[in-house]
Amino acid sequence: MSALLDLFRSPRRLRLEAERIYLRPPRGGDYRAWTRLRAESRDFLTPWEPTWPDTDLDAAAFRARLEAYARDLHIGEAWAFFIFRRTDDALVGAIRLFNVRRGVAESGVIGYWIGAPHARQGYMAEAVAAVIGFAFGELRLHRLEAACMPDNAASARLLLKSGFREEGYAPAYLKINGDWRDHRLFGLTAPG
């Protein structure tokens, strides 16, 4: 249990390793790389994300995002990670474990995005695998959930390849790019 408490107290030491990438919590110094990658990936990401506010890429909005991540981490409800390529420490995307529920549920939800220049290169598959290991290992969760829109075939393939099972369909599930969109629902339970 003390190792779990260390994760709450020392997010700077938290680092998940994979073959070609590593994941760590976002830091203030990541702002330039983050805003550059998000800006160059805007057209690629817009169909799959909530509407971006006009100030979304501003430094103040990034600081507010980091503060929200820190609050969520402090109360044990979410872990946010930026994904970096090992060869050059380039930011390639982000993944988040959130809505962590303890007690009888012991579950959480994962969500992710990848920058357009890094899509379909397997980086997100490695990141999802690392977060699954973290969730079922260090955090001792029992179940993970994820969702994607029906026309996001790449995300559905990624989830299925990562061991998730398709469990259902939710009409008007999330407001994406200004419209309430249906989603396919996926789940994964811890082995054993």
Number of the exception - Arg36 against (1) at pLDDT 95 or above; (2) touching a Gly at 6+ places or on another chain (Cβ under 7 Å) | (2)
Please specify each residue of the range 50-64 satisfying the condition of being surrounded by 14 or more Cβ atoms within 10 Å (Cβ to Cβ), modelled with pLDDT of 95 or more and either charged (D, E, K, R) or in contact with a Leu (Cβ under 9 Å, 6 or more places away or on another chain) (or both).
-> none
Filtered residue count, the range 113-138, keeping only those that are surrounded by fewer than 18 Cβ atoms within 10 Å (Cβ to Cβ) and closer than 15 Å to Arg96 by Cα = 3
Here, strands (runs of 3 or more DSSP E) confined to the range 11-129 with at least 2 residues that are under 18 Å from Glu145 (Cα atoms), of a type in the set (A, V, I, L, M) and without any contact (Cβ under 8 Å) to a residue 60 or more places away in the chain are 91-101, 107-114
Give Arg184, Arg157 a once-over and let me know the one that is loosely packed, with under 15 Cβ neighbours inside 10 Å and at pLDDT 95 or above.
-> Arg157
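The values are calculated or read from the model by the stated rules, or taken from the named source; none is laboratory data. This one's a predicted model, so the numbers in the text were calculated from it and none came from an experiment. Glycine also receives a Cβ, built like all others from the backbone with ideal geometry; neighbour counts cover every protein chain displayed.
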